[in-house]
């Protein structure tokens with residue numbers, strides 16, 4: 001059993017801080033089994049729990065990764081609102097409070113992978129179907145999702161830890177105005193600086209240009225972007241979609257003409273607010289939802 005604690009503080013999260021999601025939260029790592037660079041439970045990453053215990057059958061689950069340029073987490077409109085909306089669609093939700101700047105790669109990736117493993121390891125407890133566990137990310141959270149989708153492992157079947165035995169490969173991915181590249185001409189350099197520092201090792205940024213690492217085993221993806229986005233170019237989404245298409249990976253993409261960066265669920269906008277329904281239809285197409 002992982003230690004349980006309720007998290008408090010602000011709705012905007014920086015490294016090592018916590019936020020009040022209105023839901024219980026657990027540390028992603030047990031203190032005794034935490035990696036060496038984690039010190040103290042309150043400095044550890046966390047998972048905020050929005051399960052659906054009232055359902056008579058196990059339900060799909062989505063791990064939610066808010067954006068924030070790897071310098072913070074937009075936990076409101078890209079976290080709590082999304083988790084509650086997913087619950088309304090019959091989907092269990094888990095907000096991943098992953099570490100950001102000054103933490104560097106691979107720390108956020110390890111946190112997101114751990115979130116997927118924990119959800120699968122505790123699937124029975126949380127009424128989740130362990131073969132219908134996806135991950136959704138906005139902006140830099142989308143980069144994290146595409147990194148998880150292209151840098152996964154099958155778990156360690158010989159481990160004594162039930163969490164470590166789980167695969168970190170998501171069953172499906174959802175990328176909303178995602179960063180895919182950290183390099184020019186269309187990548188998001190600011191996210192790259194926060195994730196990798198000022199002087200990253202040669203080739204590190206290229207290793208995280210995730211459209212270059214798509215294979216036939218990359219999970220199916222649903223993508224949303226807008227050409228009016230001046231924060232993260234829609235070329236990120238388009239490039240990733242094309243890589244998926246070439247690899248034969250099922251994918252659906254919606255590129256809107258209007259839409260500033262960070263529109264979340266698109267509430268109040270008659271155009272942008274259509275993507276959540278399209279996503280649910282895609283889940284039905286993929287047989288994730290009945």
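The values are calculated or read from the model by the stated rules, or taken from the named source; none is laboratory data. Nothing here was measured: the structure is a model prediction, and the numbers come from that model. Counting neighbours? That spans all protein chains shown, and the Cβs are built from the backbone with ideal geometry, glycine included.
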I'd like the residue in the stretch 228-237 that is part of a loop (DSSP other than H, G, I, E, B) and out of contact with any strand residue (DSSP E or B) (no Cβ under 6 Å at 6 or more places or on another chain) and, out of all such residues, is surrounded by the fewest Cβ atoms within 10 Å (Cβ to Cβ).
230
Filter result for the condition that a residue is more than 22 Å from residue 83 (Cα to Cα) and out of contact with any strand residue (DSSP E or B) (no Cβ under 8 Å at 6 or more places or on another chain), over 242, 265:
242
Specify which of the listed residues (145, 100, 133) is under 30 Å from residue 259 (Cβ atoms) and assigned to a strand (DSSP E or B).
133
Is it the case, given these coordinates, that residue 281 is within 18 Å of residue 69 (Cα to Cα), modelled with pLDDT of 95 or more and assigned to a helix (DSSP H, G or I)?
no
The number of residues in the stretch 268-278 that are part of a loop (DSSP other than H, G, I, E, B) and at pLDDT 95 or above is 3
Out of curiosity, is residue 223 at pLDDT 95 or above and surrounded by fewer than 19 Cβ atoms within 10 Å (Cβ to Cβ)?
no
Could you please find all residues in the stretch 151-177 being over 18 Å from residue 262 (Cα atoms) and crowded, with 24+ Cβ neighbours inside 10 Å?
166, 170, 173
Extreme residue, nearest to the chain's Cα centre (by Cα), among residues of the stretch 251-264 that are surrounded by fewer than 19 Cβ atoms within 10 Å (Cβ to Cβ) and within 20 Å of residue 66 (Cβ to Cβ):
262
Go over the candidates 128, 179 one by one and state the one that is modelled with pLDDT of 95 or more and over 25 Å from residue 27 (Cβ atoms).
179
Would it be correct to say that residue 240 is surrounded by 13 or more Cβ atoms within 10 Å (Cβ to Cβ) and touching a residue at least 60 places away in the same chain (Cβ under 8 Å)?
yes
